[in-house]
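The values are calculated or read from the model by the stated rules, or taken from the named source; none is laboratory data. The structure displayed is predicted, hence computed values, not measured ones. Cβ: placed from backbone, ideal geometry, glycine included. Neighbour counts: every protein chain shown.
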Amino acid sequence: MARIKLIDRADMNADQARVYDAAKTAGGPLGGPYYAYIRLPKLFAAAQNLRGTLASGPLSKREQQVVNLVVARHWNARYPWHAQVRASLTAGISQAVVDAINAGQPPDLPDAREKTCYTVPREILANKALSAETYAAAEKTMGLECLVALVATTGSFSMTCITAGTFGIEPPADDPTPLKV
């Protein structure tokens, strides 16, 4: 059960309604942690912009989804996990990869870039840093621009997961691939 009241569109103030309507028109996310962000319209808009920037950045959709699954798994973030499983399957990530990440096991990712998108956030989140060896391998595999996007996605989606977890934003009861907590 959510710890915060979900604000209906009709109950939003003018600033909240403006950013909500803009996100809805653009097809941006409106649920999950955005239920909390809407209380600070500038944060809501900034989160939408950052999400859009990273989504259109140098990482492929599959690479982004690998990162998001790793981050949601790390934070035990049930709603973000639910949303990212759906998006991952749509992007062509196999159920076996989803299940391995859910179980805390290394997934079978034959693509070197996707494997790096699994390794880097796991190490950053576990160790609060990236070793020199992992950094060098990631930069060689991804290139510097993509590595920056990978690290930024890890941080940005961590904010999403922490927000959803803190405010008790839950997935639907019929979640087909629930997070193992």
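Quick notes on this one:
Condition check ((1) touching a residue at least 60 places away in the same chain (Cβ under 8 Å); (2) of a type in the set (S, T, N, Q)) across all residues:
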site: Tyr135; (1), (2): no, no
site: Met142; (1), (2): no, no
site: Val151; (1), (2): no, no
site: Ser158; (1), (2): yes, yes
site: Ile162; (1), (2): yes, no
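- Test: residue in the range 165-175 that is of a type in the set (A, V, I, L, M), outside the structural domain of Phe44 (by TED's automatic domain parsing) and modelled with pLDDT of 95 or more: no
- Taking (1) loosely packed, with under 13 Cβ neighbours inside 10 Å; (2) closer than 29 Å to Ala149 by Cβ in turn, Leu6 satisfies each apart from (2).
- Extreme residue, surrounded by the most Cβ atoms within 10 Å (Cβ to Cβ), among residues of the range 21-52 that are among the hydroxyl-bearing types (Ser, Thr, Tyr) and closer than 24 Å to Thr153 by Cβ: Tyr37
- Looking only at the range 56-105, and only at residues there that are more than 21 Å from Ile124 (Cα to Cα) and part of a loop (DSSP other than H, G, I, E, B), the one that is modelled with the lowest pLDDT: Ser56
- Subset of the range 18-44 [part of a helix (DSSP H, G or I), within 25 Å of Glu170 (Cβ to Cβ) and aliphatic (A, V, I, L, M)]: Val19, Ala23, Ala36, Leu43
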